[in-house]
1. Within the group G62, G89, G73, which residue is out of contact with any helix residue (DSSP H, G or I) (no Cβ under 8 Å at 6 or more places or on another chain), farther than 30 Å from A183 by Cβ and either of a type in the set (S, T, Y) or in a loop (DSSP other than H, G, I, E, B) (or both)?
2. Identify the residue in the stretch 176-205 that is β-branched (V, I, T) and not in a strand (DSSP E or B) and, among all such residues, is most open to solvent (accessible area, probe 1.4 Å).
3. Of all residues in the stretch 49-64, which are at pLDDT below 90 and farther than 16 Å from T82 by Cα?
4. May I ask you to list pairs of residues, at least six apart or on different chains, whose Cβ atoms are under 9 Å apart, with the first in the stretch 167-181 being over 26 Å from D144 (Cα atoms) and touching a residue at least 40 places away in the same chain (Cβ under 8 Å) and the second being of a type outside the set (S, T, N, Q) and open to solvent by 100 Å² or more (accessible area, probe 1.4 Å)?
5. Restricting attention to the stretch 52-84, which residues are open to solvent by less than 30 Å² (accessible area, probe 1.4 Å), touching a strand residue (DSSP E or B) at 6+ places or on another chain (Cβ under 9 Å) and of a type in the set (G, A, S)?
6. Output the number of the condition that S110 fails; it satisfies all remaining conditions of (1) open to solvent by less than 40 Å² (accessible area, probe 1.4 Å); (2) part of a strand (DSSP E or B); (3) free of Cβ contacts under 8 Å to residues at least 24 places away in the same chain; (4) not β-branched (V, I, T).
7. State yes or no: is I166 closer than 30 Å to H92 by Cβ and more than 22 Å from the chain's Cα centre (by Cα)?
8. Among the strands (runs of 3 or more DSSP E) confined wholly to the stretch 128-175, which include 3 or more residues that are open to solvent by 20 Å² or more (accessible area, probe 1.4 Å) and under 17 Å from A98 (Cβ atoms)?
Amino acid sequence: MGKTKKGSEGIRNMGKNRKRNGNRNSAVLPAVLMALVMALTGCGQRGKNRNEEYGEVIAGLGDDEQFALEDIGENYDVLFTTDMTYEDGAGHHAALRAAVYYVIDGQACSMGRVESMGTAYPVSYGKRCIYTASEHSLQIYEIDTAKQQLSLKAEYEIIFDETDRISYRCTKDGQEEMISEEAYAKIYKEYEKSTVVSFGYGAGV
């Protein structure tokens, strides 16, 4: 596996070097990945291997795709997958976009996708939430097991009027509210303190 370049130029297709091996590893890769995910976080309740529900999803990933299993404070770890990563300068193989999976009724369910804008704003997570951001906005998602999808808990935006005067807006449950600069800065600090989702192949996770 080749090295990942740093910065915005570092976003690339991570599967190029793996494809040089042709198809000779295709027969064993699914079994290896399934064994890996069963061993990643040890055994859970009832003697089952924790995260084994994700084994089929991980085994079915393409050569260009990477994954991460993250504990965000829910009953199960959350599985993130992506086809592009970059080094964020802090030791993470970060991503701007990712598919999200969660275990519901013993099955790995696709919960949707998230996307940030710009390498300064990698997909990250906090306590029971997932963050995406851009230069002028911040989104907070939650796992909604009842609807089996990601739910946009809140969106915070910097608004510019025709005279470039700045204001700040929060949208929750479809309701918009203007907020102070201090309130926006406070929520943005939470994003800055969040944990970057760090992706890898197999044992690189």
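1. Details: G89 fails: farther than 30 Å from A183 by Cβ; G73 fails: farther than 30 Å from A183 by Cβ.
The conditions single out G62.
2. Filtering the stretch 176-205 for residues that are β-branched (V, I, T) and not in a strand (DSSP E or B), the one most open to solvent (accessible area, probe 1.4 Å) comes out as V205.
3. N49, R50, N51
4. none
5. Residues satisfying the conditions are G55, A68.
6. Result: S110 passes all but (1).
7. When the stated conditions are applied, I166 does not pass them.
8. 137-144, 149-160
The values are calculated or read from the model by the stated rules, or taken from the named source; none is laboratory data. All figures in this text were calculated on a predicted structure; none of them were measured in a lab. Glycine gets a Cβ as well: all are built from the backbone with ideal geometry, and neighbour counts include every protein chain shown. These accessible areas exclude ligands, DNA and RNA; they are computed on the full protein's heavy atoms, side chains included. Shrake-Rupley method; radii C 1.70, N 1.55, O 1.52, S 1.80 Å.
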